[in-house]
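Please read the structure below before turning to the comments.
The values are calculated or read from the model by the stated rules, or taken from the named source; none is laboratory data. Computed from a predicted structure; not experimentally measured. Quick reminder, even Gly has a Cβ in these numbers, built from the backbone with ideal geometry, and neighbours come from all protein chains shown. Just so you know, the surface numbers come from the protein's heavy atoms only, side chains and all, with ligands and any DNA or RNA stripped out. Shrake-Rupley method; radii C 1.70, N 1.55, O 1.52, S 1.80 Å.
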Amino acid sequence: VTLTLSIMPTDDEDFTPRTVLSDSSGYYTFENVPDGGYYVTAERIGYRFTTRAFSADIDGESAEILTFTGTEFVPSEYAEFTITFISSWSEETHPLDFPGSPHFSPIAGALHNESAVFWEEGKLASAGIKQVAETGIVTTMNKEVREAIEDGTAYELLWGPPIQPSPGFSNFTVSAHRDFHTVTLITMIAPSPDWFTGVSGLDLFDDDDWRESVTVDLY
């Protein structure tokens, strides 16, 4: 399996992504990694991974062990989507009290089935949603998604790059499975008093088949 280590966009942007191959037992190591926030992705031809990206914080010699599980790829069961988040938020569109350093946090979310609900309008926020809304950090949200994957209600953890500054755009590609055809995504509006925007349980199916495209206006 090919593993790639990349720096979080909010950290040292001069860091060059590193790539290693796992050994015959599936183990891998990135050595001499500077302190900071990173994410690791896994790829292998003919396979899909239930989680294609994990976040990790390096502090001295400590790092979370990131374990990936791959399944053989059956093309008829999957559809590939490119998610594009476009922000038009600017001083021109919102001139009243427009903040300095307008930006959006990394995008956190999941591909899941109808049994999983990560956030819902008018309902109590989870610890992960609260952390994203207050700080823009996605660590707890990612943990909640991984727990849902273990429970069988989610298929893949999603992570998208931030928009810094706004206006701008962020995009990333995902592979959805027929049994997990709903998507949830959130991103913090920053700086703000705990505001976030996103979608909850957006269905990628239409009449039991994949939708060609989906456009959602977020306010």
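Are any of the residues in segment 27-39 modelled with pLDDT of 85 or more and either of a type in the set (Gly, Ala, Ser) or in a strand (DSSP E or B) (or both)?
The answer is no; no qualifying residue exists.
Under 8 Å between Cβ atoms, which residue pairs at least 6 apart in sequence (or on different chains) link something in segment 97-116 that is more than 16 Å from GLY128 (Cβ to Cβ) and in a loop (DSSP other than H, G, I, E, B) with a partner that is among the aromatic types (Phe, Trp, Tyr) and open to solvent by less than 50 Å² (accessible area, probe 1.4 Å)?
Partner pairs satisfying both residue conditions: PRO102/TRP89; ASN113/TYR155; ASN113/PHE180.
Confirm whether ASP57 is charged (D, E, K, R), open to solvent by 80 Å² or more (accessible area, probe 1.4 Å), assigned to a loop (DSSP other than H, G, I, E, B) and within 27 Å of VAL132 (Cβ to Cβ).
no
How do the pairs read when you match residues in segment 1-25 that are farther than 16 Å from GLY37 by Cα and open to solvent by less than 80 Å² (accessible area, probe 1.4 Å) with residues anywhere that are modelled with pLDDT under 90 and among the acidic types (Asp, Glu), using Cβ under 6 Å and keeping only pairs 6 or more apart or on different chains?
Hits for this filter: THR2/GLU43.
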